[in-house]
1. What part of the accessible area of the range 1-88, given as a whole %, is carbon or sulfur when the probe is 1.4 angstrom?
2. With the chain treated as a Gaussian network of Cα nodes joined by springs under 10 Å, which of Ala60, Ala229, Ala284 yields the largest mean-square fluctuation?
3. In whole angstrom, how far apart do the alpha carbon centroids of the range 68-144 and the range 157-231 sit?
4. Where does the chain land at 222 nm, in deg cm²/dmol rounded to the nearest 500, when only DSSP H runs of n ≥ 4 count, each adding -39500 (n - 2.57), divided by all residues?
5. Classify the chain as rounded, prolate or oblate from the Cα gyration tensor: take a ≥ b ≥ c as the square roots of its eigenvalues, call it rounded if a/c is under 1.5, otherwise prolate when a/b beats b/c and oblate if not.
6. I'd like the FRET efficiency for Gln151 and Asp189, computed as 1/(1 + (r/R0)^6) with the beta carbon distance as r and R0 of 51 Å, rounded to 0.05.
7. Quick check for you: with a 1.4 Å probe and neighbouring chains kept, what is the accessible area per residue of the range 180-322, in Å²?
8. Which percent of the accessible area of the range 198-315 is formed by carbon and sulfur heavy atoms (probe 1.4 angstrom)?
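The values are calculated or read from the model by the stated rules, or taken from the named source; none is laboratory data. Note that the coordinates shown come from a computational prediction; the quantities given were computed from them, not determined experimentally. With ideal geometry, Cβ positions are generated from the backbone for all residues, glycine too; neighbour counts draw on all protein chains shown. Remember, those area values only see protein heavy atoms, side chains included, never the ligands or the DNA or RNA. Shrake-Rupley method; radii C 1.70, N 1.55, O 1.52, S 1.80 Å.
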Amino acid sequence: MSLRAQVAGCGGYLPERVMTNDELARRLDTSDAWIRQRTGIGERRIAAAGELTSDLALAAAKRALRHAGISGSDLDLIVLATATPDHTFPATATKVQAQLGMKRGAAFDIQAVCSGFIFALAVADNAIRVGQARTALVIGAETFSRILDWQDRGTCVLFGDGAGALVLRAAPDAGPGGRGMLSTHLHSDGSLYDILYVDGGPSSTGTAGHLRMEGREVFRQAVHHLSEAVEEALAAHGLSGADVDWLVPHQANLRIIDAIGKRLSLRPGQTVVTIERHANTSAASIPLALDEAVGDGRIKPGHLVLMEALGGGLTWGASLVRW
Ligand code: UT7
């Protein structure tokens, strides 16, 4: 019997502290109008001093487990996507594993920056398909506030902290119309390493470093690659934009999100947009958006959900799931 990964639950967590555009404009040469117009961002959440990526991940994970009606001891796989781990090693996922009381299987981190959630989803989906795991927790968790250069208006206004999580469970494959993950499509192009990177690291500088980005070039690459990736995901199943119920994109820039929605001829209301309140939470943006749209009843069982993301590497990908 062939197996498929079905979504069993989701959860999200945002730190309490809200940082508005106006607050940033009081200490930087920027404005609420510029940030909203160029990005769609209105505010972002910032982790409290001492609040770590693992804390955000754990809070989101607990909510996802509760939503799925299971406990940590039911899990046999945790894949945590982050570019801002608590420590260089061990993996942040192992800390979450212990805190959830999960004693078997494996927990590890995945590093694909803003595409991390799609990459983590691919790993968990594949593990379930081949029977290596039965119940997996996929987490995207970030504290980008810790790697921002707060003097650089070109980057620091764009990001926020948060975490989201999804529980996947093995189920018999009921074909393309049945519930479950249809496919994930991953890509990278390391020749573009330098257009979005952090200028530190254990092997290079011995410091955590700060995020650096050639925004305009990343933007151009994002529209191009994400358009291809969503079409690749749909074509793999003989589907088109008309079959999609919800687009749940990585939330980096409202103009990128709109461009992909238009490419698929979606109605504006079919795209889940959280960027106004969350900003770019990197690997956490998609599971946070999923959690919101499931929580308010937009995404319902049976809906076809298309996810996409692009991030440093460059890395990018798309995924289709029948919720
Ligand atoms: O999640 C990973 C993937 N990341 C992305 O997808 C991000 C992709 N890039 C973007 O979203 C956009 O490129 C940005 C939002 C980063 C920048 O928007 P842009 O329309 O590409 O602006 P720009 O970088 O071309 O800058 C336009 C102007 C510049 O001034 P001059 O040279 O024209 O005088 C910037 O210095 O806007 C200036 N600027 C700002 N002004 C006010 C840059 N940042 C700010 C700011 N406030 N915060």
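1. On the way: 1810 of 3890 Å².
Its accessible area is 47 percent carbon and sulfur atoms.
2. Of Ala60, Ala229, Ala284, the Gaussian network model singles out Ala229 as fluctuating most.
3. 16 Å
4. Numbers: 10 runs with 102 residues, N = 323.
When only DSSP H runs of four or more count, the value is -9500 deg cm²/dmol.
5. On the way: a/c = 1.60, a/b = 1.22, b/c = 1.32.
Because a/c hits 1.5 or more and a/b fails to exceed b/c, the chain counts as oblate.
6. Values: r = 30 Å, r/R0 = 0.58.
After rounding, the FRET efficiency stands at 0.95.
7. Details: 5740 Å² over 143 residues.
For the range 180-322, the per-residue accessible area is 40 Å².
8. On the way: 2490 of 4750 Å².
Here carbon and sulfur together make up 52 percent of the probe-accessible area.
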